[in-house]
């Protein structure tokens with residue numbers, strides 16, 4: 001039995017479908033992130049689990065028990081708020097002890113458990129200060145301690161790290177992982193920041209426009225994205241447009257403007273049919289560059305185009321090149337060699353087995369329509 | 001300055017000169033900025049108060065010999081002290097009623113209403129009508145066979161004839177000061193971060209516990225400000241109790257007014273006024289000690305600390 005089982009979860013605000021039939025499970029001890037752009041419905045999902053919003057339809061079961069309809073103060077979950085929501089009129093110790101006080105835990109035990117929590121988050125001796133006297137990072141730790149001290153079945157995070165600078169955020173990510181392991185608690189973490197989500201999570205749930213795009217481990221999502229949206233949202237990707245000219249059980253012939261290229265069927269989304277317009281996606285690290293003079297460009301077994309190097313940025317072990325290709329416009333390539341100069345003519349190629357092919361669908365892209373603008377919630381991504 | 005036109009630079013130079021003049025004389029600068037408000041306070045508050053203090057130590061007419069008798073007469077008279085006590089009781093009752101009614105109103109406006117601006121406007125609207133006219137309207141409502149009684153009759157209920165009773169005075173005061181108290185209540189409630197309420201519930205506190213341990217403490221300053229704005233004018237009021245309370249509900253403000261207007265015993269009136277001022281200021285200091293800052297200048301959480 002999963003610790004948290006969410007099924008058919010839907011939330012409508014008037015005509016707007018904020019969350020549309022979402023299913024997922026969180027196992028005991030897992031660190032799961034809900035990742036999506038703003039307006040994707042991720043915070044609404046979290047607020048429904050916490051009890052601040054009532055779902056329009058669907059069920060939420062915590063430890064096998066249905067919790068929809070229960071008020072927030074009767075749910076065995078605690079939330080770390082985006083703006084932390086520390087009580088400014090209480091000391092740090094009183095903030096942490098607030099939940100225990102509601103449970104009727106005696107004062108001496110409250111103090112002892114608060115102090116142990118402060119130690120856990122490395123803020124020993126901060127108990128008598130007020131939240132206003134702490135730095136942003138310290139306040140994050142207090143908010144975390146205030147949730148953890150109650151030993152809830154599940155801790156919810158509503159993008160609490162988004163206000164921190166990059167360095168502190170990375171530090172807090174590691175801290176979160178350490179504390180999660182030490183306390184053996186289950187974390188459900190909502191964020192729009194793929195960097196945070198990739199760094200800390202065991203599994204990711206990718207939401208867009210209120211619907212689930214994909215659920216899986218970081219590797220699953222990166223290596224085998226279920227949609228162009230996921231490919232684009234998790235990591236960087238090149239997308240070129242093409243058309244499926246022929247399709248059978250083993251392979252498809254795809255014409256991306258450089259002739260028909262056979263692509264293995266496993267690289268092609270299930271709903272693609274012959275004749276469809278498709279997006280062909282490839283990660284920059286799968287793209288190779290060659291000197292234009294020494295290679296022939298009319299290869300029939302790989303995607304290839306000539307082009308000119310636009311820019312090069314050094315990334316430590318790799319260099320990232322932007323190449324203006326004749327066939328597809330700008331393509332990024334992440335390669336080991338750094339022999340190419342700006343303005344140099346090169347050939348860009350990648351192997352057909354490294355692509356992911358999705359049916360072309362304009363609603364699917366992250367930079368496309370915002371959720372708020374959708375005229376009709378009933379429209380789904382298939383039509 | 002280099003880039004200016006000739007005319008502009010002439011004015012600019014003068015401005016620069018004036019700025020430089022004041023910059024080198026910080027005391028003069030402070031005087032120019034803070035002087036006018038202080039002048040007004042001294043002219044219309046401190047000097048009259050001083051005059052009143054002087055007058056209160058004089059015998060029955062101004063310019064007469066010095067005496068303490070005005071104070072001793074007042075402080076030893078059981079009649080007057082009873083009136084002071086009665087005034088205190090009524091003021092506290094009004095303050096208590098306004099605390100409950102006003103807070104509930106402000107809370108519902110903030111938490112449950114979408115038409116906040118409209119409702120606030122309605123709350124403040126009575127201020128546009130003259131105080132006296134509103135009091136006469138209440139006389140019309142409360143007198144025997146008035147609007148209240150005839151409405152009660154319609155529903156087959158007995159008439160109450162509230163005018164010239166203590167409830168009438170309480171109703172009048174509540175009506176008059178409610179808008180004044182609601183504004184600070186409202187301001188403090190809108191400043192309250194709704195996330196704090198959610199955090200409290202998330203941590204296991206029900207609605208009542210959340211109200212007593214988060215909402216109320218977080219809005220304490222606004223509440224105290226509102227209550228002070230109610231208590232002080234009620235304590236010194238004389239029109240409302242005269243019009244709605246008749247002769248049975250004497251308040252100390254009426255006594256003072258009487259000394260000046262009918263009895264022409266200004267020194268005695270001044271002495272009572274001084275005593276009452278001292279009592280009210282003492283209560284104020286007590287309230288600010290208790291409440292953490294009049295008008296909220298000591299902010300929550302000690303951000304300046």
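The values are calculated or read from the model by the stated rules, or taken from the named source; none is laboratory data. Small disclaimer: the values here were computed from a predicted structure and weren't measured. When we count neighbours, we look across all protein chains shown, and the Cβ atoms used for this are built from the backbone with ideal geometry, even at glycine.
From the list A:197, A:252, the one residue that fits, being crowded, with 23+ Cβ neighbours inside 10 Å, modelled with pLDDT under 90 and in the same structural domain as residue A:356 (by TED's automatic domain parsing), is A:252. Considering every residue within region B:185-193, establish whether at least one is more than 30 Å from residue B:237 (Cβ to Cβ), within 12 Å of another protein chain (Cβ to nearest Cβ), in contact with a helix residue (DSSP H, G or I) (Cβ under 8 Å, 6 or more places away or on another chain) and assigned to a loop (DSSP other than H, G, I, E, B). Yes, because at least one residue in region B:185-193 is more than 30 Å from residue B:237 (Cβ to Cβ), within 12 Å of another protein chain (Cβ to nearest Cβ), in contact with a helix residue (DSSP H, G or I) (Cβ under 8 Å, 6 or more places away or on another chain) and assigned to a loop (DSSP other than H, G, I, E, B). Taking the criterion of being surrounded by fewer than 21 Cβ atoms within 10 Å (Cβ to Cβ) and in a helix (DSSP H, G or I), the residues of region B:224-242 that qualify are B:229, B:232, B:233, B:239, B:242.
Within the set A:181, A:217, A:174, the sole residue that is under 18 Å from residue A:24 (Cβ atoms), free of Cβ contacts under 8 Å to residues at least 24 places away in the same chain and assigned by TED's automatic domain parsing to the domain that holds residue A:103 turns out to be A:217. Each residue in region A:125-158 was checked for being more than 10 Å from chain B (Cβ to nearest Cβ), surrounded by 20 or more Cβ atoms within 10 Å (Cβ to Cβ) and more than 13 Å from residue A:86 (Cβ to Cβ), and 4 of them qualify. Just so you know, in region A:190-244 the residues that are closer than 21 Å to residue A:276 by Cβ and in a helix (DSSP H, G or I) include one that is nearest to the chain's Cα centre (by Cα), and it is A:230. Among the candidates B:123, B:94, B:110, the residue that is in contact (Cβ under 8 Å) with a residue 12 or more places away in the chain, farther than 20 Å from residue B:233 by Cβ and surrounded by 16 or more Cβ atoms within 10 Å (Cβ to Cβ) is uniquely B:110.
The requirement of being touching a residue at least 60 places away in the same chain (Cβ under 8 Å), over 21 Å from residue B:107 (Cβ atoms) and in the same structural domain as residue B:106 (by TED's automatic domain parsing) is not satisfied by residue B:186. Each residue in region A:98-124 was checked for being part of a helix (DSSP H, G or I) and more than 10 Å from chain B (Cβ to nearest Cβ), and 14 of them qualify. Inside region A:59-95, residues that are in a strand (DSSP E or B) and surrounded by 17 or more Cβ atoms within 10 Å (Cβ to Cβ) make up a count of 9.
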